[in-house]
Amino acid sequence: MFILLCLLHLQYVESKVIYFLPHSHDDVGWLDTVWNIYDNGPGVKNIISSYSTALSKDSGRRFVQVETIYFKKWYEEQDIETKQMINKLIINGQLEFAAGGWSMNDEATTYYEDIIDSFTGGHTYLYEQFRIIPRVGWQIDPFGHSSTFAYISYMMGMDGQYFARIDQIDKSERLKNKNLEFIWNPKPGIELFCHINYRHYSSPPGFDFDPLRSSPEIQSNQVNQKANQLLEYFGQQANYYKGETIVHTLGDDNEWSSAESYYKNIEKLIDNINQKNGTQQIHFSTPHQYLKRLNQQNLQYSVKFDDFFPYSDNHQSYWTGYYTSRISFKGYVRQLSKEFQQIKTFLSKQISYDNIKDEDELLQLLSNHNQNMGIVQHHDAITGTAKQFVNDDYIKLLQQSSTLLDQYMRKHVSILTEQLLEYKNYEYHTCYYNKTISECKQLDVWLNQNKTVLLALLMNQNRIIKLPVPNLHYTVLDENNISLNYTLLCDNQDCVLYFIIDEDNIEETQFYKIIPSIDKHPFNTKRIQISINDDTDLSTILNNQTKTNNTFKLTYAYYVSSSDYRQPSGAYIFRPDGQLNPYGNIINSSIHYDDIVTELIIKRNDVTTKIRKYKHLQDEYEIETFLDSIEFINKSGKEIVMLIDTDIENNDTFYTDSNGLDLQKRVKNYRETFNLIDTEPVSQNYYPVTNMILLNQTNGQTVAIINDRSQGGTSLKKGQIELMIHRRIGTDDRRGVGEALKEDIDDPKCQKTNTCNNKKGISQTLFHQLVFFQNTQDPNKARKIQLREDMIALKYFAEDFFSKFNIQKNKVIPQSYLDEIVVLDEDSISKIRIEPKQQYFIVRIHNLQEVGIIDFQLPKSVQYYQTTMNGLMTIEEWQSTKLNWQTLNKTKTQIQVNSFQVQPQFISTFIILR
C-alpha cells in the first residue's frame, strides 16, 4: 500500500518542477548580539564561507543570501581570490540576494522612513560592489505584514515577496482554497505577488542535514526510500499551489555551516528522482528564478487588500505584545530616526553650497549610522523581543554612531556660526536622550552660572520651541534683538521654557539668545490647585476662555499579565488575565493658564500627566505621561494602558496607521479575509499603532492620537481609544527568547543607602498629541500633526559671549539647486527628504495627505532621473523589466498623475546628479 501511495504521488508531481531554496536565517541579534552571532557558534562568517566554497564546486548549486549587514562584513574580510569567486557566483546566478536590506526588518513597529533607509543602504552597497539590485522580498520571520511594507517593497523594484508567518486561521483557509499565492494590492497601482511558504522556512521534515539538526546522513541503501518519501511530501504540497512549479525552503536558523555535506545529501535524492523520471524535475534554485518561471505560466491570482495584523499561531496566542515591548528603546530609535532624516537633508544642502570640506569622512559617518539604524529595524530588535543584554548592545551601537555624527554636526554648527554671525570658536553641545527623557545638562550648567546661551536651530518648521531650563527669569532674543514672549512652566524644579516663532520668519538656520536674569529669584509659575476625578471632562478645564464642542476624559489602567501555563504573556504575546484595573489614584491636580500655553498637571500614584493646550492650536492637546517603575503582582506583571474617552460614535470601527502611512480600517472582532474565532477578546483586537489611531463617526467628527513611538492600540468601547504604553512581565511566552520582559535596573534608593539589592523596572516619559476635527472639512488635520512631529528642530547650544546680535551685519543665506526643489502648495502636508551620495543626491518627495495630489518642481540647471525608491533604477528601466501578474478580481483604481505630482500617501523618488 505504501509503495502504491508513493507511485500515485510520484505520478502527481511528474509534471511539476520542484525548486529547492537553500538559505540560512541569520537573525541580526536576538539570543546573542549581532557580532557574536557573526563570530560564534555556527557563526554567520562560517556559514557564508561554507556555502560559497560549496557553490564554487558545482555550478548546479544555489544559495539565498538575505542579511546584507553580515555579508558586507564577511566580504570585507576576504582576500582578492575569494572576492573574485563571489563575483563569479553572482554572475552565474548561483548566489542570489533576496530582500537586501541591512536586516530583515519588522513590519509592525518600524517607521516607514527607517524601512526605506535600511533597504536603500543595503541595496546601494550591493549595487556599488556587485552591480546587482535585489528583485525579490524575503520576509520569512516577521510577525505579521504591513501594507506600507508591501508598497515600499514594490517601489524598491521587487517582483514578489516570500512570507512564512501569517495568522493560523488565515493559513488554514488559504490551504483549503489553494490560495497560498496571491496578489497584494494595498493601495492603487501597487500589485505585489506574494508566496506563503508551505512549511515555515524550514527544510522538509527529515531532510535537514545541518549539524544543528537531527537528520542523519543518507546511506546508499536508503536513497530510494528517502527519495520516495520526499516525493510523497511534495505530492502533498502540490495540492495547495496552482502552478506547475512548486518551491520549498532548505535550511533554518543559522544553518549551512557544513554546506558541502548538506548539498551532497540532497543531491543524492535529486539525482535519484531525476534519473527515474528522465527529466530534471527537482533542483536547486533561487526565489527570483521561481517567480520568473511561475510568471510564464499566465496563472490568475486572487487579490488581497488588507494587511496581515494581528498574527496568531494558536487561538490563545496573539503576537500583539511586541507592539509595545521595550517602550524606552522604541522611543530612542524613533528620536534618532527623526534627527537622522533632518541631518541628512541639512548636510545635503551644505554639500550643495560647497560648505563641506571633509565630505568623505561625512559620508562614512552617515553610512555607519545608516547601518546601525538598519540593524535595529530587525524583527527581534525594534520589536523589543531580544534578550536584555542584546538590547543593551543595540543601544551601544546606536550611541557609538550617533555620537560620532553628533560631534561632526556640532563642529559644523560652529563653522556656520562663524560664517553667519562672525562668532569664532563657539563650542556647541546638544541634548541627549536617556532611558526616560531628553536631558540638556550643559545648558542647565551655563544658565545656572548666569551665562548667556546661543541657541542654534536647524531645519525647524515648528512655531513652538521648548527647552528644559533652570527655574530663573529669562530674556529670549531673536536675530533682530527683538525680545520674544515666553513662558516658563515648572513642576517642582523641572522647568521648561516655551517661546513662539513667527511662522513667516522660520528659516533653515536660526539663532536665538537665552539670557538668564541677574536676579536669581525663581520664576513664579501661577498654578491653581483644582479638584478633578476620572470622570472630569478635561477639555472644559483646558479651554476655560474658549468654547469647545469636544469632550474627553483621560485615565490609566492595567491588565494583569497572564501566567497561565497554556500561554503566558511575554515579550511577543499579550494575553491578559481578566479585565482592566484602574492604575493610580489621583493625588492632586493643578493648572497654569498662560498666553502661550495652558498646562494641566494630574498626579497619580506612579503616573504624572501633563496636558498642554497651546493657544494657537485649536482642538489640539499635548499629553505628556511619566510612568514610574511597574511593580509586579506575584511575578505576573502588568500591562499599562492609557484610555481616552470621547463622545464619538465609532460603531466598533477604528483606524490605525501602517508604519506611519496609509490608515487601515479595523473592526472589532472581525477580519476581512477569514472568519475570526473569538478566543481572546482583548488581544485579538490589538493592532500596531506606529504613528496614529483614529475614531470617526458618520457626520465626519473625528478624534485622533498621534504617538511618539510604536504602541499597541485598539477601541473596545464606544468612543474610547486604548493604547498600551508600557509593560513589565515576569514570565516568558515560550517563543524563543527564553527570558521574561523585566527590564530590571538598580533601584536608586538602594544605590544611595547601599542597604538593599532590589531591582526596579524602567520608568518612561511618552508624548501623545490628541486632536479633534471634522474629517469632511479638514481630512488632513492629523497628518499636519504627524508632519510637525517629524520635522523636529535640530537644537545646538553654546556659551555666548555677546548679549546682543550684530544687526548691522547682513546674514547671507546661501542658495543652491537643491533649494529649487519646491512643493508648489505651501500649505500641503509634504516632506522633501534629501540623502547625499558620492556622485548624486537621492530626493524623495512625500505626500502625507489623506486627500489631495501635490505638485512640485525640480531644478532646471541639473540632470535628474525619476527612480525606484532606492534610487538605483530609473522608472523606465524598472517598468521594462518587472514581472506583471494576472488577477481574478479587480484591483484598486490608480490615480493618474504626471512625473511632477505625488498622489496622497505616496512618495516620488529622484536622483539628482552632482
- Query: Among the listed residues Lys176, Lys226, Lys187, which satisfies the condition of being within 22 Å of Gly144 (Cβ to Cβ) and surrounded by 18 or more Cβ atoms within 10 Å (Cβ to Cβ)?
  - Reply: Lys187
- Restricting the first residue to the range 223-245 and requiring it to be over 18 Å from Gly206 (Cβ atoms), which pairs with a second residue that is in a loop (DSSP other than H, G, I, E, B) and hydrophobic (A, V, I, L, M, F, W, C) meet a Cβ separation below 7 Å and a spacing of at least six or different chains? Tyr240/Leu180; Tyr241/Leu180; Lys242/Leu299; Gly243/Leu299
- Name the residues in the range 135-182 that are farther than 19 Å from Arg293 by Cα and of a type in the set (S, T, N, Q), would you? Gln139, Ser146, Ser147, Thr148, Ser153, Gln168, Ser172, Asn177
- Task: Tell me the strands (runs of 3 or more DSSP E) entirely within the range 700-799 that contain at least 1 residues that are under 24 Å from Asn650 (Cα atoms).
- Result: 701-707, 711-714, 720-728, 764-774
- Item | Identity of the residue in the range 670-683, within 17 Å of Gln168 (Cβ to Cβ), surrounded by fewer than 24 Cβ atoms within 10 Å (Cβ to Cβ) and in contact with a strand residue (DSSP E or B) (Cβ under 8 Å, 6 or more places away or on another chain), that ends up modelled with the lowest pLDDT | Thr673
- Restricted to the range 85-108 and to residues being more than 14 Å from Met373 (Cβ to Cβ) and of a type in the set (S, T, N, Q), the residue surrounded by the fewest Cβ atoms within 10 Å (Cβ to Cβ) is Asn92
- Message: Condition check: at pLDDT 95 or above, on the phi < 0 side of the Ramachandran plot and surrounded by 12 or more Cβ atoms within 10 Å (Cβ to Cβ). Does Gln863 satisfy that?
- Response: no
- Look at Gln65 and say whether it is buried (at least 21 other Cβ atoms within 10 Å of the Cβ), under 23 Å from Glu128 (Cβ atoms) and modelled with pLDDT of 95 or more. yes
- Message: Return the pair list, or none, for Cβ contacts closer than 8 Å from residues in the range 767-792 that are under 14 Å from His846 (Cβ atoms) to residues that are surrounded by fewer than 21 Cβ atoms within 10 Å (Cβ to Cβ) and aliphatic (A, V, I, L, M), at least 6 apart or on different chains.
- Response: Asn780/Val851; Met791/Met459
- Hey, could you check the range 232-265 for residues that are touching a strand residue (DSSP E or B) at 6+ places or on another chain (Cβ under 7 Å) and in a helix (DSSP H, G or I) and say which is nearest to Arg61 (Cα to Cα)? Phe234
- From Arg728, Arg734, which residue is crowded, with 22+ Cβ neighbours inside 10 Å and modelled with pLDDT of 95 or more? Arg728
- Message: Filter the range 417-458 down to the residues that are surrounded by fewer than 19 Cβ atoms within 10 Å (Cβ to Cβ), closer than 30 Å to Lys784 by Cβ and modelled with pLDDT of 95 or more and list them by number.
- Response: none
- Mind counting the residues in the range 485-507 that are under 25 Å from Lys811 (Cα atoms) and surrounded by fewer than 16 Cβ atoms within 10 Å (Cβ to Cβ)? 7
- Query: Do you know which of the residues in the range 696-724 that are among the small types (Gly, Ala, Ser) and either modelled with pLDDT of 95 or more or not assigned by TED's automatic domain parsing to the domain that holds Phe552 (or both) is farthest from Ser328 (Cα to Cα)?
  - Reply: Gly719
- For the range 567-579, does any single residue satisfy the condition of being among the small types (Gly, Ala, Ser) and surrounded by fewer than 16 Cβ atoms within 10 Å (Cβ to Cβ)? yes
- Scanning the range 874-913 residue by residue, the ones that are in a strand (DSSP E or B) and not hydroxyl-bearing (Ser, Thr, Tyr) total 8
- Query: What strands (runs of 3 or more DSSP E), lying completely within the range 95-207, carry at least 1 residues that are touching a helix residue (DSSP H, G or I) at 6+ places or on another chain (Cβ under 9 Å) and among the acidic types (Asp, Glu)?
  - Reply: 95-97, 181-184
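The values are calculated or read from the model by the stated rules, or taken from the named source; none is laboratory data. Being a predicted model, the structure only gives us computed values, none of them experimental. Positions of Cβ are generated from backbone atoms using ideal geometry, with glycine treated the same way; all protein chains shown enter the neighbour counts.
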